[in-house]
Amino acid sequence: MMDKYLRTLELDKVLEMLANVCSCKDTQQRARELEPAATPVEVRARLAESWDAHSLIGRFGTPRFGGIQNTSNSLRRAQAGGVLTMLELLRIAEVLRIIRSLREWRGNCEGTVTSFDGLFMMLQTDRPLEERITTSIINEDEMSDQASHELADIRRKLRAAQSRVREQLDRFIRSAENQKYMQDALVTIRSGRFVVPVKAECRGNVPGLVHDSSSSGATVFVEPMAVVEANNEIRLLEGKEAEEIERILAELSAECGDRADAICASYEALIQLDLIFAKAQLGYNMRACLPEVSENGVLRFNKARHPLIPKEKVVATDIRLGDDFDTLMITGPNTGGKTVSIKTIGLLTAMAGCGLLLPVSDESVVPAFEKILVDIGDEQSIEQSLSTFSSHMKNIVNIIDKADDRSLVLLDELGAGTDPIEGAALAMSIIERLRAAGAKLAATTHYAELKTYAISTPGVKNASCEFDVATLRPTYRLLIGLPGRSNAFAISEHLGIPADVVERARELVSSESTQFEEVVESLQVTHKSLEAEKEAAHRLRIEAQQATATAEKQKQSIEREREKLLAQARSEAADIVSKARAQSYALLDEMQKMKKEMTALNAAELESRAKSQMRARMKELEDSADPIVQRNQEDYVLPRPLKVGDNVLIADIDKKAVVTKTVDSQGLVEVQAGILKTRVKLENLRLLDQGSVTFNSKPAYNKKRSTSTSVQQTAQTEVDVRGTTVDEAVIEVDKVIDMAIMRGLNEIRVIHGKGTGALRAGLHQHFRRHPSIKSFRLGVYGEGENGVTIIEVK
């Protein structure tokens, strides 16, 4: 049974809220019986379970426990050899179904590890038994024909026998001879046998057995002798049916009994899981979060909300205790929220001990206490002849006896109900005694002496519930570090007390008290200003953090896009190089083939064809290996015809040039760009006399196309042509030069040997005319001397 202190804090009401979101009665009972854990390790473990379940619900939805019922008694009876009813078996099958569905749900929660996975592992599924029961039993009163072949056969015979009896009786009541004796032309059942309703006065005219009569006595229900044997057969078949059903129930019960231990263990794990997920669901309902559990008794609740106050009315407040002070003295006017503040401290601490997530904001800290001792409310007892003061003192006596360094003590209106001077002194003495025991303490009071005590005593901190003097209404926010003001004069004047009466009262108050109230008022104004600045700074910090996070995300996104574009560019460049290499080798192979086919007669034709193919292939190579930048085609019109000397822009290559010849019949214009003269289409030129023209460009590479020759080559820095003719050597050396140019190599070593020098002379003659060769020389000592030529590529 919950102790009176926790009941005073109304923990029982919170646990009732928890019970309302549980799925079965056993879980609801356990929820109502929860007690706070006493050690930080246990509190942390309970909260971790609730938070893990909270995270799973957020990602994968709430698992369904259904209306599960406790079948332990039925299982133990089956284990002892008893035969279960169809309803009991169906309930066991439902438990097995829920166990299986929970295992499947957890299996779908991929990539997660929780503190209660062991409970899921304890859920032992038994689908064969589940399906055997659900296939055999339709509902709590009806067994399925599929339960066994014997039952299906018996019922088939039974339906046939019943059909025959009905047909016989239908013929009987419709015959002209018997119709006059019938009360109604129908066949009914009495005592499990088919009968017909006969007029009482005609009983002797219908031979048979009387099984019943109507309430009025006007009708008797007779079983004609013609169907007695058929009815007997039906009764025998019904007996066999009942025996077969009993046999099936015994068989299913035995199977359940064999698995009773496993099912009971799974049910126990299921109940624990239901409770954990109920805690998580309650956390969702309260918009709760996971607090940190402290080891040293520090309590810090940020934006704490009392869970029993309606969401639209509750005011979030910040509460601290146990860091730089162990005692919190809360003052302020009545109905200002003092009692709610200390109840919030105790209730949230107890909730955390029960493993419930707390309605607080992030970075909150909760300690674990072995005892939460509370004196709140008016406990005046007429039966025990105790006044309010006496009742409070009796309760405080018990608290002093129990309090230690693992205790949280909450006292409401300490020292009230007696002479103010004596009450204040007694209150200070009680506080000193509890602090000496090491307890963490929060108390409310109206005494100015206790405000002064809190200011002058290390480890004791004043706090007040904020009061808006302009509206004369409390804001219910707790201000730690500031003593509260009674505001009695302001309230009285607002309520209509004459101004001169209020002014006289102010004169009667001692100057020390007046000065103290003025200091408190000044502190409150300063505190409000600091709070506003703190809130603004916090808001700016959050905005800065959000901006930093956004910038970091954008940076990461840009970096990913950059890597993606680089990878794409590398891939396209590799394709272009491979394509260009394949085309060049295919071109060289074609030239070598033509050379072999060349004769005196067709030399000119082959030469013309070779040049044509070479130009076409080289154009393709240039397009592939050095893709130009294509412009978006705009509707650009030259402002006037071009003339020699005009400055123009070649749009597709973004190159400035000067017109050297005007447009010809083919629409081409000769321009000079640097030392290069070329002919360009008129529509590709932009006149720069009208101002500089800029364009948005986007690289557009030629589409991939397959070649008949698939060549996988790498650039070489050395080629050996010894033993070949001059023409063959030229082809091989040109291949290596082309690959070196594409790979950016600057030097090639050609091994031609010394021999007669004819091969060397032929190659050197070719090198002198080669446009891609900057210079060449014979090798020196160590390089091969006259047998090697070193080429320097442009």
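Residue by residue, segment 28-45 carries 3J(HN,Hα) couplings of 4, 5, 5, 5, 5, 9, 4, 10, x, 6, 9, 10, x, 4, 5, 4, 4, 5 Hz when phi is fed to the Karplus relation 6.51 cos²θ - 1.76 cosθ + 1.60 (θ = phi - 60°); x denotes Gly or Pro.
Among the listed pairs LYS451/LYS534; LYS13/LYS394; LYS25/LYS303; LYS371/LYS461, those whose Cα-Cα separation exceeds 29 Å are LYS25/LYS303.
Accessible area per residue for segment 288-377, computed on protein heavy atoms with a 1.4 Å probe, is 33 Å². Just name one of ASN139, THR125, LEU151: the one whose Cα is farthest towards the positive end of the charge dipole of segment 124-195 (beta-carbon charges, Lys/Arg +1, Asp/Glu -1). Going by the Cα projections, it comes out as LEU151.
For LEU308, the shell of other residues with beta-carbons less than 14 Å away shows a net charge of +2, using +1 for Lys and Arg and -1 for Asp and Glu. Surface composition of segment 57-156: carbon plus sulfur atoms hold 47% of the accessible area, using a 1.4 angstrom probe and ignoring ligands, DNA and RNA. Taking θ as phi - 60° and the Karplus parameters 6.51, -1.76 and 1.60, the scalar couplings of segment 258-275 work out to 5, 9, 4, 4, 5, 5, 5, 5, 5, 5, 4, 5, 5, 5, 5, 5, 4, 5 Hz in sequence order, x denoting glycine and proline.
Peptides 545-555, 765-775 ranked from most to least packed by the mean count of surrounding Cβ atoms within 10 Å: 765-775, 545-555. Which pairs break 32 Å Cα to Cα here: LYS279/LYS338; LYS661/LYS735; LYS313/LYS440; LYS338/LYS402; LYS555/LYS681? Too far apart for the 32 Å limit: LYS661/LYS735; LYS555/LYS681. Summarising the amide proton neighbourhood of CYS289: residues at separation of 5 or more, or on other chains, whose placed amide H is nearer than 5 Å comprise LEU358, VAL360.
Using only the Cα atoms, work out Rg/Rh for segment 274-341, with Rh taken as the Kirkwood radius, to two decimals.
Details: Rg = 14.6 Å, Rh = 14.3 Å.
Ratio value, two decimals: 1.02.
In the complete set of protein chains, residue-level accessible area for GLU292 is approximately 120 Å², probe 1.4 angstrom. Within the set of other residues whose C-beta is less than 12 Å from the C-beta of HIS149, count the net charge using Lys and Arg as +1 and Asp and Glu as -1. Around HIS149, the surrounding residues sum to -2. Between segment 390-417 and segment 268-310, how many Å separate their Cα centres? Going from one Cα centre to the other spans 27 Å. Near GLN556, once Lys and Arg are set to +1 and Asp and Glu to -1 for all other residues with Cβ below 12 Å from its Cβ, the sum equals 0. Within the same chain, aspartates and glutamates fewer than 8 places from LYS754 are excluded, and of the rest, those with a Cα less than 12 Å from its Cα are GLU785.
The values are calculated or read from the model by the stated rules, or taken from the named source; none is laboratory data. Every value quoted in this text rests on a predicted model; they were computed, and no experiment measured them. Here the Cβ is made from the backbone with ideal geometry for all residues, glycine too, and neighbour counts use every protein chain on show. Calculation scope for accessible area: heavy atoms of the full protein, side chains included, ligands and nucleic acids excluded. Shrake-Rupley method; radii C 1.70, N 1.55, O 1.52, S 1.80 Å.
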